[in-house]
Amino acid sequence: MAPPPPQAPTSAGSPPLLDLTIDNITPNTVRINSQSGNPRLTYLMGRLVTHLHDFARETRLSNDEWMAAISFLIGCGQISNDEFILLSDVLGLSLLVDSINHPKPPGSTEGSVLGPFHTHDAPLLPNGASMTSDPAGEPMLAVCTVRDTRGRPVAGVAVDIWETDSSGHYDVQHAGRGAPSERCVMRSDERGRFWFRGLRPVSYPIPHDGPVGKLLLLLGRHCWRPAHVHFMFAKDGWDRLITALYLRGDPYETSDAVFGVKKSLVIDLDKVDRETAREYGVEEGIWLLRYDFVLTTQDEAERLKDQLATEALEKLGLRMKLVDHLPVPDLD
C-alpha cells in the first residue's frame, strides 16, 4: 500500500500574491519564502532571490538566455555531479567559500580547492610508502611536517594525499579503475612528520568535453591546471585544511583554470642528495619536495571567522548577529 502524500501547507496566513510586477516580484518572493521559522534558511533564500532578481533586471535577461542557462545546468546534471563541482571551481566560488569558512591567521598554511577527484577509498599507508603504481612518471620523495602556529609538532593528523599519474589523469578517470593509485592517507608521527614516494606532478586539463568545457571555450579561457599535489589534513580539535602545492615555473602557474594557486603554495623541487637518499631509503637524484604545513586549532579558526564576518557585515551596513558562526538578521 502506497504511503499517503505529504500534507500540503494551507494558504491561510500566507502573504497574498496579486498584481506582481518587475518591481514587486522580489519582495513578494522573499516574503513567501520567509515562513519556515528557520532564520538562517530565510536569510539565505532572501539574499539568493534578491541577487538573482537583481541580476535579471540589471542584464535585462532574455528568454533565450535564461533557457540557455537552464539547458546548461541540465547538461551538467546529465554528465555527473562532479560537473557541478567543476562549475563551482571555474567560477571561483569553491575557493571563495573555502576562504570564508576556513580563514587562516598569519603564518598558517593557506587553503586551496578540493576539486572533483578526491575519493574516500585511499589506502592508509605507513610513512615512507609509495602511493603510485605508474612506472612512467618521474619519482619524487616528499618530506613534510605538520606544526601548529607556535611551531610545535602535531601528531596523529590524518593526511589525505592525491595527484595525477604521469599522463595527467587521476585514477578515477581511467576506465576499469581497480585499486586506488596516486593517492593515500598517512598519519603524522610524534614529531609531526610524514613522508612518501610519489611522482613529480604534471600540468593537466580539467575535463572539458562537457558544458563547463564549452563555457570556458565561449569565454576564451583555457582548461589547464598547473602541476600540483593535493593535501587534506584532519584531526579533532583542529580546523580542517584542504590545500595543494604548486610547482614554480609551470606555464599555468598564474592562470589556473580553477583559481587554486596562491603565492605561499608555490614551491621549488630539489633533488635527493646522498644523505637524504640513505635516510629515507630512496634513489639519489630523484625529485625532492619539502614543505612544513602549519595548522590552526578549531577555536582559532572560529574566532577569526567570527571577526571577519562581523567586519564584512558592518561594511555592508547589515544589522546581523552570528548564530553557530553564521549570520542571521538581528531582529531584537
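The values are calculated or read from the model by the stated rules, or taken from the named source; none is laboratory data. From a predicted model like this one, the values you see are computed outputs, not experimental measurements. Cβ atoms come from the backbone with ideal geometry, glycine included; neighbour counts cover every protein chain shown.
Can you tell me how many residues within segment 275-298 are free of Cβ contacts under 8 Å to residues at least 12 places away in the same chain and within 30 Å of G237 (Cα to Cα)? Let's see the steps before the verdict.
The first filter runs over segment 275-298 and keeps only residues free of Cβ contacts under 8 Å to residues at least 12 places away in the same chain, leaving 275, 277-279.
Okay, now just the ones that are also within 30 Å of G237 (Cα to Cα), so none.
Residues that pass the stated criteria total 0.
Give me the pairs, please: first residue somewhere in segment 258-271 and within 19 Å of L219 (Cβ to Cβ), second residue anywhere and among the aliphatic types (A, V, I, L, M) and surrounded by fewer than 18 Cβ atoms within 10 Å (Cβ to Cβ), beta-carbon distance under 9 Å, and either six or more positions apart or on two chains.
If the second residue must be among the aliphatic types (A, V, I, L, M) and surrounded by fewer than 18 Cβ atoms within 10 Å (Cβ to Cβ), the pairs left are F259/L91; F259/L96.
Condition test on L87, is it outside the structural domain of D273 (by TED's automatic domain parsing) and either among the aromatic types (F, W, Y) or within 18 Å of the chain's Cα centre (by Cα) (or both)?
Working: outside the structural domain of D273 (by TED's automatic domain parsing): yes; either among the aromatic types (F, W, Y) or within 18 Å of the chain's Cα centre (by Cα) (or both): yes.
So L87 passes the test.
Give segment 57-67 a look and list any residue that's surrounded by 11 or more Cβ atoms within 10 Å (Cβ to Cβ) and among the small types (G, A, S), or say none.
none
Listed here are the residues, each with its yes/no results for (1) charged (D, E, K, R); (2) at pLDDT 95 or above; (3) more than 21 Å from E138 (Cα to Cα); (4) not assigned by TED's automatic domain parsing to the domain that holds Y280.
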| position | (1), (2), (3), (4) |
| --- | --- |
| C184 | no, yes, no, no |
| H208 | no, no, yes, no |
| L219 | no, yes, yes, no |
| V261 | no, yes, yes, no |
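What are the pairs, 6+ residues apart or on separate chains, where a residue within segment 90-109 that is within 30 Å of L218 (Cα to Cα) has its Cβ under 7 Å from a residue that is at pLDDT 95 or above and among the charged types (D, E, K, R)?
Close Cβ pairs satisfying both conditions: none exist.
Of the residues that make up segment 111-120, is at least one of a type in the set (A, V, I, L, M) and exposed (fewer than 15 other Cβ atoms within 10 Å of the Cβ)? Talk me through it step by step, then tell me what you get.
Within segment 111-120, the subset of a type in the set (A, V, I, L, M) is 113-114.
Now narrow it down to the ones that are exposed (fewer than 15 other Cβ atoms within 10 Å of the Cβ): none.
The answer is no, given that none of the residues of segment 111-120 is of a type in the set (A, V, I, L, M) and exposed (fewer than 15 other Cβ atoms within 10 Å of the Cβ).
Return the pairs, sorted by first residue and then second, in which the second residue is surrounded by fewer than 16 Cβ atoms within 10 Å (Cβ to Cβ) and modelled with pLDDT of 95 or more, the first residue lies in segment 24-36 and is within 11 Å of T50 (Cα to Cα) and in the same structural domain as T50 (by TED's automatic domain parsing), the beta carbons are less than 8 Å apart, and the residues are 6+ apart or on different chains.
Close Cβ pairs (under 8 Å, with a partner that is surrounded by fewer than 16 Cβ atoms within 10 Å (Cβ to Cβ) and modelled with pLDDT of 95 or more) amount to T26/T50; T26/D54; V30/T50.
Any residue in segment 94-110 that is within 24 Å of the chain's Cα centre (by Cα), exposed (fewer than 13 other Cβ atoms within 10 Å of the Cβ), among the β-branched types (V, I, T) and closer than 23 Å to V258 by Cβ?
yes
Just to be sure I understand, how many residues within segment 115-168 are at positive phi and among the hydrophobic types (A, V, I, L, M, F, W, C)? Even if it seems obvious, please write down each step before you answer.
Kept after step one, since they are at positive phi, are these residues of segment 115-168: 115, 128, 151, 156, 168.
Now restrict to residues that are among the hydrophobic types (A, V, I, L, M, F, W, C): none.
Result for segment 115-168: 0.
Which count do you get for residues in segment 241-257 that are touching a residue at least 40 places away in the same chain (Cβ under 8 Å) and hydroxyl-bearing (S, T, Y)? Please lay out each step first, then the result.
Residues of segment 241-257 that are touching a residue at least 40 places away in the same chain (Cβ under 8 Å), as a first pass: 241-245, 247, 250-252, 257.
Checking which are hydroxyl-bearing (S, T, Y) leaves us with 243, 252.
Going through segment 241-257 one residue at a time, the tally reaches 2.
For a quick check of your reading: which strands (runs of 3 or more DSSP E) sit entirely within segment 283-332 and have at least 3 residues that are out of contact with any strand residue (DSSP E or B) (no Cβ under 7 Å at 6 or more places or on another chain) and surrounded by 13 or more Cβ atoms within 10 Å (Cβ to Cβ)? Show your work before the answer.
Details: elements: 287-294, 320-323, 326-329.
In segment 283-332, there are no strands (runs of 3 or more DSSP E) which contain 3 or more residues that are out of contact with any strand residue (DSSP E or B) (no Cβ under 7 Å at 6 or more places or on another chain) and surrounded by 13 or more Cβ atoms within 10 Å (Cβ to Cβ).
Among the residues of segment 226-248, which ones are surrounded by 19 or more Cβ atoms within 10 Å (Cβ to Cβ), in contact with an Asp or Glu (Cβ under 6 Å, 6 or more places away or on another chain) and not hydrophobic (A, V, I, L, M, F, W, C)?
P226
Given the conditions (1) at pLDDT below 95; (2) charged (D, E, K, R); (3) on the phi < 0 side of the Ramachandran plot, which single one is not true for D19?
Against the list (1) at pLDDT below 95; (2) charged (D, E, K, R); (3) on the phi < 0 side of the Ramachandran plot, D19 comes up short only on (3).
Of the conditions (1) farther than 29 Å from S80 by Cα; (2) touching a Leu at 6+ places or on another chain (Cβ under 8 Å); (3) not acidic (D, E), H208 fails just one. Which one is it?
Among (1) farther than 29 Å from S80 by Cα; (2) touching a Leu at 6+ places or on another chain (Cβ under 8 Å); (3) not acidic (D, E), H208 violates only (1).
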